[in-house]
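Got a structure here, written out as structure tokens. Questions coming.
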Amino acid sequence: MATKHPPLFFHGIDVTNYTRKEFTDPALATRILTPTQLQTYHELPVTDQPRFLAKHWAIREALFKACHYTCAMNTIEIASDQYHHLTCHIDEMTFIISVSYCDTLVFASAWGYQVTDEYPTKGKK
């Protein structure tokens, strides 16, 4: 019988400035946002789109730093749970995401965990 081990924890953080020129580029939005997020982006006033895009960029960067996961950015779905926390599920990992703003800066933090039956071996996540 397998013994459950304590969960593995992951954390990543990112900060970006939403006044950077690339956050005004609709092509970047298409590259990093899921179809649902892209629809929300297009419904925003043009003046709010860079901040929205920077937020999603920072979240994705924090997730990549947390779990060293590489995938197409526009496949990462971020949702609100019943407590209004931003959450994301990647493979068997669950992440809670926090986003804060200060002036033109966007801060994103991704805290995740994974419950496993065994400890990871070297070279495996």
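Would you mind calculating the relative contact order of the stretch 8-114 from Cα pairs under 8 angstrom and at least 6 residues apart, reporting the percent as a whole number? Spell out each step's value before the answer.
Numbers: 192 pairs, mean separation 41.8, N = 107.
It rounds to 39 percent for the stretch 8-114.
Sticking with this one: Give me the one-decimal nm value for the distance between modelled label points at residue 98 and residue 40, 7 Å along each residue's Cα-to-Cβ direction.
2.0
While we're here: Taking the Cα centre of the stretch 1-111 as origin and charging only Cβ (+1 Lys, Arg; -1 Asp, Glu), how large is the dipole, in debye to the nearest 20?
Working: 8 positive and 11 negative charges, 35 e Å.
Computed about the Cα centre, the dipole is about 160 debye.
Rounded, prolate or oblate: pick one for the stretch 8-114, where a ≥ b ≥ c are the square roots of the eigenvalues of its C-alpha gyration tensor, a/c under 1.5 means rounded, and failing that, prolate if a/b is larger than b/c, else oblate. Please list the in-between numbers first.
Details: a/c = 1.72, a/b = 1.53, b/c = 1.12.
Prolate.
Can you list which of the trypsin sites (Lys or Arg not before Pro) found in the stretch 1-92 are DSSP loop residues with at most 10 other C-beta atoms within 10 Å? Don't skip to the end; give the middle numbers.
Values: sites: 4, 20, 21, 31, 51, 55, 60, 65; in loops: 4, 20.
For trypsin sites (Lys or Arg not before Pro) across the stretch 1-92 that sit outside H, G, I, E and B with at most 10 neighbouring Cβ atoms in 10 Å, the list reads 4.
Readers should treat all values here as calculations from the given coordinates under stated rules, not as data from a laboratory. It should be emphasised that the depicted structure is a prediction, and the values quoted were computed from it without experimental measurement. Don't worry about glycine lacking a Cβ; one is built from the backbone with ideal geometry, like all the others, and counts go over all protein chains shown.
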